[in-house]
Amino acid sequence: MRIYFTRHGESQANILRQISNRGLVHPLTPTGRAQAIALAERLRDRAVTRIYTSPLLRAVETSVLVADRLNVAYEVTDALREYDCGSAEGRADEAAWQMWRELFDDWTLHRQWDRRIEGGESFHDVRDRFVPFIEGLVAQHRATDASLLCVSHG
């Protein structure tokens, strides 16, 4: 069994520099669609048997493009969703990005895993949905030659 992880293609949120971690808001750009198609080509010899994707539009669109080209099914799962940035969601201003940077640093540099932006998720919240999902994939496919692709976020 193998699990591959990939980030979605470029989205409108990337171009707008907008924090967008909820819902079906920002689709892929033409560049993002080309990136997804290129990913499918790179994975063609990996015999991917199933794709799991975040429910955010940019990840779903990436998954659909890859799944169509590899002729495999995809499944949407909240376990792979980008972490919720609470009061910074939908914003593109410097103050929102400063909150995002501080949260990221608190998690990755200072191990302050309970820290969150007001109304958003902590690292522990993300872990509590992600880890059981991955453990379930491992338990289900451990003794197989399955190649699974998880489409998520950076």
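Structural remarks
- Global size of the range 1-66 as Cα Rg and Dmax, reported in angstrom: 12.1, 38
- Largest first, the extents of the alpha carbon coordinates of the range 21-102 on the three principal axes equal 44, 25, 21 Å.
- Average Cα contact separation per residue, the chain, under 8 Å, 6 or more apart, as relative contact order %: 35 percent
- Nearest-20 debye value, the chain charge dipole, Cβ charges on Lys, Arg, Asp, Glu: 540 debye
- Of L65, L28, L109, the one that fluctuates the most in a GNM where the chain has Cα springs shorter than 10 Å: L109
- Beta bridge orientation in the chain: antiparallel %, DSSP, nearest 5: 5 percent
- Dividing the summed helix terms, -39500 (n - 2.57) for each DSSP H run of n ≥ 4, by the number of residues in the chain produces a 222 nm estimate of -14000 deg cm²/dmol to the nearest 500.
- Once the C-beta distance of D93 and R42 is scaled by a Förster radius of 35 Å, the resulting FRET efficiency is 0.45 to the nearest 0.05.
- Unit charges on C-beta of K, R, D, E only; dipole of the range 3-83, Debye: 120 debye
- Carbon and sulfur %, accessible surface of the range 5-134 computed with the full protein complex present, 1.4 Å: 53 percent
- Shape of the chain, Cα gyration tensor, a/c cut at 1.5: oblate
- Furthest towards positive pole of dipole, M99, Q140, I15, structure part the chain, Cβ charges: Q140
- Selected from R33, R111, R91 as most flexible by GNM, with the chain as the system and alpha-carbon contacts under 10 Å: R111
The values are calculated or read from the model by the stated rules, or taken from the named source; none is laboratory data. Computed from a predicted model, the values in this text were never measured in an experiment. Every residue, glycine as well, gets a Cβ built from its backbone with ideal geometry; the counts of neighbours run over all protein chains shown. Heavy atoms of the whole protein, side chains included, go into the accessibility calculation; ligands, DNA and RNA do not. Shrake-Rupley method; radii C 1.70, N 1.55, O 1.52, S 1.80 Å.
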